[in-house]
1. Is one or more of the residues making up the stretch 55-64 outside any helix (DSSP H, G or I), loosely packed, with under 13 Cβ neighbours inside 10 Å, at positive phi and in contact (Cβ under 8 Å) with a residue 40 or more places away in the chain?
2. Tell me yes or no: at least one residue of the stretch 391-409 is part of a loop (DSSP other than H, G, I, E, B) and of a type outside the set (F, W, Y).
3. Name the helices (runs of 4 or more DSSP H) wholly inside the stretch 158-259 in which the number of residues that are under 20 Å from W455 (Cβ atoms), free of Cβ contacts under 8 Å to residues at least 12 places away in the same chain and open to solvent by 40 Å² or more (accessible area, probe 1.4 Å) is 3 or more.
4. Would a scan of the stretch 327-340 turn up a residue that is among the polar types (S, T, N, Q), touching a Lys or Arg at 6+ places or on another chain (Cβ under 8 Å) and surrounded by 15 or more Cβ atoms within 10 Å (Cβ to Cβ)?
5. Kindly establish whether Y312 is aromatic (F, W, Y), over 23 Å from S437 (Cβ atoms) and free of Cβ contacts under 8 Å to residues at least 40 places away in the same chain.
6. For the stretch 139-157, what are the residues that are open to solvent by 40 Å² or more (accessible area, probe 1.4 Å) and at pLDDT 90 or above?
7. Report every pair of residues separated by at least 6 positions or lying on different chains whose Cβ atoms are under 8 Å apart, first residue within the stretch 319-331 and part of a helix (DSSP H, G or I), second aromatic (F, W, Y).
8. In the stretch 13-54, how many are more than 29 Å from the chain's Cα centre (by Cα), in contact (Cβ under 8 Å) with a residue 60 or more places away in the chain and open to solvent by 40 Å² or more (accessible area, probe 1.4 Å)?
Amino acid sequence: MKKIIANKEYTTLLRDKRFKIMGGLIASLLLVALLGGFASYRSLKKERDLAQKEARETWLNQGEKNPHSAAHYGSFAFRPKSEMSFFDFGVDSFTGTNVYLEAHRQNNPKFSAAQDSSSLIRFGEMTVAFVLQLLMPLLIIFLCFNSISQEKEDNTLKLMLSQGVSMSQIAWGKIQGFSKALAWIIVPALLLTFVLILIGTEGSLSADLLLRFALTLLAYAIYFFVFISLSVVISARAGSSRNALLSLLGIWVLACVILPKATTNIGASIFKAPSNFEFREAIHKDEENGIDGHNPSDKRFEALKKQVLTQYKVDSVEQLPVNFDAIAMQEGEKYSTMVYNKHFDRMENIYQNQNSVAAYSAILNPFMAVRNLSMGMAGSDYKTALAFQKYAEKYRYEMVETLNTHMRDFSKTGDWEKKADASIYAKIPDFDFKNPSIISVLRQNWVALLALLIWIILCVRMVSNLKNISLS
């Protein structure tokens with residue numbers, strides 16, 4: 001009987017003008033979002049790859065100069081586009097695309113796409129993820145809100161129950177029928193997504209990327225199942241189709257519009273972040289006066305000088321077999337890096353605490369769960385952007401350390417005219433950032449995974465336990 005109900009709902013829905021019109025609109029939006037997102041992805045990928053190549057060539061061909069001058073000349077690191085980022089832009093439009101790497105200073109990523117966009121970007125961009133997360137639930141609601149309430153209003157539900165069919169069998173049949181019909185919209189879009197991923201990677205799919213895509217499909221399948229199940233259950237328990245529709249629209253507004261913004265604002269209110277001016281002033285204060293306020297820069301310099309002279313058993317820096325200026329600069333680099341890391345780690349903890357409020361809300365809101373997982377799998381979430389920034393800083397420090405070490409070993413104190421051979425630049429490897437592994441992404445999004453598991457269990461129980469409902 002469940003199969004008969006499913007086939008009946010499937011056939012009826014395919015003939016329904018609401019499904020044809022709204023389904024066609026959603027399918028068109030998915031197609032536009034896919035093709036537009038992929039075109040943007042390829043363009044940005046090409047631009048950033050070319051910019052990174054040119055930055056490398058400029059670095060290698062800067063000519064002979066003092067090594068520390070080369071460190072101040074610096075280079076650029078460009079964040080590569082993830083292969084699935086065209087599916088879900090995530091926070092990519094709001095995070096910087098490149099970092100200037102120079103001595104003595106950690107710079108934030110600059111030039112986000114949002115800087116060149118209007119304020120409307122805050123309401124979201126037309127991506128596949130946007131359509132699937134916000135518009136597909138609306139389509140599900142408008143198609144399913146009267147799935148059982150209409151049967152009650154037409155007095156056909158009593159007839160079905162009198163044939164020995166249980167309420168849960170009716171509900172499961174309708175869920176199955178709706179799912180089959182909606183697959184005509186969703187499956188082609190996901191197949192096209194896979195084809196575009198193949199084109200973007202030129203057929204060289206890694207196991208990590210395949211697993212990311214598979215888990216993305218699973219997350220969205222659970223998300224749609226949750227909305228279909230809720231729609232059927234509320235339709236069964238509502239007094240009328242009108243009440244069912246109003247209830248479901250209220251849930252959609254709360255889950256997809258109000259709660260995401262509210263939890264973000266709550267997190268920002270509880271865990272306040274300093275302004276950029278306060279942040280930079282705190283760094284400058286610690287650099288000059290010491291992290292603990294009792295170790296100013298002049299005392300650190302004198303202590304280092306005494307230590308090096310004792311180490312080499314000489315009376316003045318001029319007698320040293322190495323360049324004391326380079327030693328002092330590298331120690332300064334090490335100290336300033338420690339100061340920057342202290343303050344950046346503090347900011348990171350604040351942002352992590354802010355984001356955790358929204359992350360834990362996924363237990364109550366499946367929208368947040370699928371959004372966080374979707375961004376993580378696409379490599380367009382905050383933690384991936386943070387991983388890029390940390391990798392860029394590690395690369396910057398090693399670059400400066402290599403140049404200071406060369407200056408220390410191949411020149412004498414005060415000899416600022418000593419130039420390094422251009423071959424020293426090639427000792428610094430290419431900038432080659434890789435997105436965090438799938439294991440890392442899953443570990444970071446364990447709350448979202450748990451939330452989806454809880455929601456699927458909850459929905460199965462609600463549907464299976466449908467009984468004792470009003471038939472009028």
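1. Yes, there is a match, as at least one residue in the stretch 55-64 is outside any helix (DSSP H, G or I), loosely packed, with under 13 Cβ neighbours inside 10 Å, at positive phi and in contact (Cβ under 8 Å) with a residue 40 or more places away in the chain.
2. no
3. Per the criteria, 207-237.
4. yes
5. Here the answer is yes, as Y312 does meet what is asked.
6. Across the stretch 139-157, the qualifying residue is only F142.
7. Q319/Y312; D325/W416; A328/F301
8. Here the count works out to 3.
The values are calculated or read from the model by the stated rules, or taken from the named source; none is laboratory data. Small disclaimer: the values here were computed from a predicted structure and weren't measured. Cβ sites come from the backbone with ideal geometry, for glycine too, and all protein chains shown count toward neighbours. Heads up: the accessible areas ignore ligands, DNA and RNA and are worked out on the full protein's heavy atoms, side chains in. Shrake-Rupley method; radii C 1.70, N 1.55, O 1.52, S 1.80 Å.
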